[in-house]
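Quick notes on the structure that follows.
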Amino acid sequence: MYKLYYYPGNANLAPHMLLEEIGAPYELVLLDRAKNAHKAPEYMRLNPHGRIPTLVDGDLVLYETAAICMHLADRHPEAKLAPELGSEARAHFYKWMVYLTNTVQSEMIVYFYPDRWGGDGACAATVKRNAEAHLGSMFDVIEQNLVESGPYLLGQRFTAADLLLLMLARWSRGFERPARVRPRLGRLLERLATRPAIKRAFAGEDIAAPFY
């Protein structure tokens, strides 16, 4: 049985949705961020960065959201959440997984923790504002891809990349121009939110609407 360390709505949401789509047995282990449980020594032995999530798969301990998602997709090919190895579609799958985690998610960290780059006060506010603008451009790129090849990131095929996108789009819900206002992206998010597995994951983390 898998074990996923989580905190509601954090970066664990994508692998949590993936586990529900796969239908494999798993255990959720809550890390109370309000009590700094993710910095406790026993958790730091699993994840030396003290970040969420971490997946335990037997003797394998894995962190980094995109890596967890790709591992689960590979472990359960019957779920068809990633294209076939060596295919052109698989290459595009890698592209979107890396883009979402390395470009979009990285900029989200700047947005939510601007003091790390700008200190307190006006500088942090400027960093946050600029990060939101950069993220808007990134969601525009995703929107254009959906216009050209949608309805999913990989065209007609639903994959783990769409789950990672949903998680990140949800984090933009407080933006002046959130991800959902883009027509194709908004329709994709609406479509994803109706999937039973995704509903179960949101319920499992006690996340209430609005979901994105």
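Taken together, the residues in region 103-114 that are in contact (Cβ under 8 Å) with a residue 12 or more places away in the chain and either in a helix (DSSP H, G or I) or within 14 Å of the chain's Cα centre (by Cα) (or both) amount to 8.
Candidates in region 115-139 are the residues that are hydrophobic (A, V, I, L, M, F, W, C) and either out of contact with any helix residue (DSSP H, G or I) (no Cβ under 9 Å at 6 or more places or on another chain) or outside any helix (DSSP H, G or I) (or both); of these, the one that is farthest from L166 (Cα to Cα) is A122. Evaluate region 17-25: report whether one residue or more is surrounded by 13 or more Cβ atoms within 10 Å (Cβ to Cβ) and touching a strand residue (DSSP E or B) at 6+ places or on another chain (Cβ under 7 Å). Within region 17-25, one or more residues are surrounded by 13 or more Cβ atoms within 10 Å (Cβ to Cβ) and touching a strand residue (DSSP E or B) at 6+ places or on another chain (Cβ under 7 Å).
Scanning region 176-200 for residues that are open to solvent by 70 Å² or more (accessible area, probe 1.4 Å) and either among the aliphatic types (A, V, I, L, M) or part of a helix (DSSP H, G or I) (or both) yields R180, V181, P183, R184, R187, E190, R191, P196, K199, R200.
Every residue in region 74-90 that is within 19 Å of N102 (Cα to Cα) and either under 14 Å from the mean Cα position of the chain (by Cα) or touching a residue at least 24 places away in the same chain (Cβ under 8 Å) (or both), please.
Selection gives A82 alone.
Is it fair to say D57 is more than 18 Å from the chain's Cα centre (by Cα) and within 22 Å of A208 (Cβ to Cβ)? In short, no.
The values are calculated or read from the model by the stated rules, or taken from the named source; none is laboratory data. Every value quoted in this text rests on a predicted model; they were computed, and no experiment measured them. Please note: Cβ atoms are built from the backbone with ideal geometry, for glycine as well, and neighbour counts cover all protein chains shown. Just the protein is used for accessible areas: all its heavy atoms, side chains included, with ligands, DNA and RNA removed. Shrake-Rupley method; radii C 1.70, N 1.55, O 1.52, S 1.80 Å.
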